[in-house]
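Below is one structure, written out as structure tokens, with a few remarks after it.
Laboratory data are not the source of any read-out in this text; all were calculated from the coordinates shown. All figures in this text were calculated on a predicted structure; none of them were measured in a lab. Here the Cβ positions follow ideal geometry from the backbone for every residue, glycine too, while neighbour counts run over all protein chains shown.
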Amino acid sequence: MTSLYLIRHGETPWNVEGRYQGQLDPPLNKNGRRQAQTTARQLASVGFKVIYSSDLARARQTAEALAEKIGLPVQLDSRLREISQGQWQGVLIDDIRARWPQEIYGWEHNPWQHHPPGGETLQQVQTRLFAAVDEIVVRHPQESVAIFSHKLPIALLKIRYQSCSAGKIWSLLPANGAWEIFKMNEVK
């Protein structure tokens, strides 16, 4: 049985400001670096055989804290990235509400039918994300694997592997530095 540890990156300045990050690349802030170190200490004894990470700085930096502690390299995979939020990337949520009121309403109330202007749909994120995770599971049977990613990808994996309701996606978003464990018998 493969054990996947899905770990959300630590905090960034944009998390604090309420600025949509998407696939832009702000680094961890001081608290995020502390969260990364805490996560690394808490997970150091798991016995990971491999560490994968989104290639975005906030996930990579969080993964590097664990990698340094246990002596493994970090394998980067862009398919583990956060959703592309198109025109909303780098914009404060209050400004998004003012400039795109209908679009943000649709996104917040029915994200499976709406998406950020110029950004990805949840289905597009699922396609790239599930392909990456399926490959990881096949490559690492019977191993413990650390995967550093972002809140929406982790929520999508909770829907897939924990039978969580797709309609409750916003309630499935993990906090910065939090993780979920998935025990995989085979790829679904």
Quiz item: Restricting attention to segment 124-132, does a residue exist that is more than 18 Å from SER78 (Cβ to Cβ) and of a type in the set (S, T, N, Q)?
Solution: no
Quiz item: With respect to ARG33, is the statement that it is part of a helix (DSSP H, G or I), touching a Ser or Thr at 6+ places or on another chain (Cβ under 6 Å) and in contact (Cβ under 8 Å) with a residue 12 or more places away in the chain true?
Solution: no
Self-check item: Residue among ILE181, ILE83, ILE169 that alone is β-branched (Val, Ile, Thr) and closer than 18 Å to ASP55 by Cα
Solution: ILE83
Quiz prompt | Single condition THR127 does not satisfy, out of (1) of a type in the set (Ser, Thr, Tyr); (2) touching a residue at least 12 places away in the same chain (Cβ under 8 Å); (3) under 25 Å from MET184 (Cα atoms) | solution = (2)
Quiz item: Which ones in segment 139-160 are touching a helix residue (DSSP H, G or I) at 6+ places or on another chain (Cβ under 9 Å) and surrounded by fewer than 17 Cβ atoms within 10 Å (Cβ to Cβ)?
Solution: ARG160
Practice problem: Identify all residues within segment 106-118 that are touching a residue at least 12 places away in the same chain (Cβ under 8 Å) and either surrounded by fewer than 20 Cβ atoms within 10 Å (Cβ to Cβ) or basic (Lys, Arg) (or both); write none if there are none. | Solution: GLU108, PRO111, TRP112, PRO117, GLY118
Quiz item: Just for segment 87-105: of the residues that are among the aliphatic types (A, V, I, L, M) and touching a residue at least 40 places away in the same chain (Cβ under 8 Å), which one is farthest from VAL16 (Cα to Cα)?
Solution: ILE96
Quiz prompt | Condition broken by GLU82, with the remaining ones in (1) within 28 Å of GLN123 (Cβ to Cβ); (2) surrounded by fewer than 16 Cβ atoms within 10 Å (Cβ to Cβ) satisfied | solution = (2)
Practice problem: Could you pull out the residue among LEU24, LEU6, LEU76 that is buried (at least 21 other Cβ atoms within 10 Å of the Cβ) and under 16 Å from HIS150 (Cβ atoms)? | Solution: LEU6
Quiz item: Out of GLY118, GLY106, which single residue is on the phi > 0 side of the Ramachandran plot and of a type in the set (Gly, Ala, Ser)?
Solution: GLY118
Self-check item: helices (runs of 4 or more DSSP H) wholly inside segment 81-188 containing at least 2 residues that are over 16 Å from the mean Cα position of the chain (by Cα)
Solution: 93-99, 101-109, 122-139
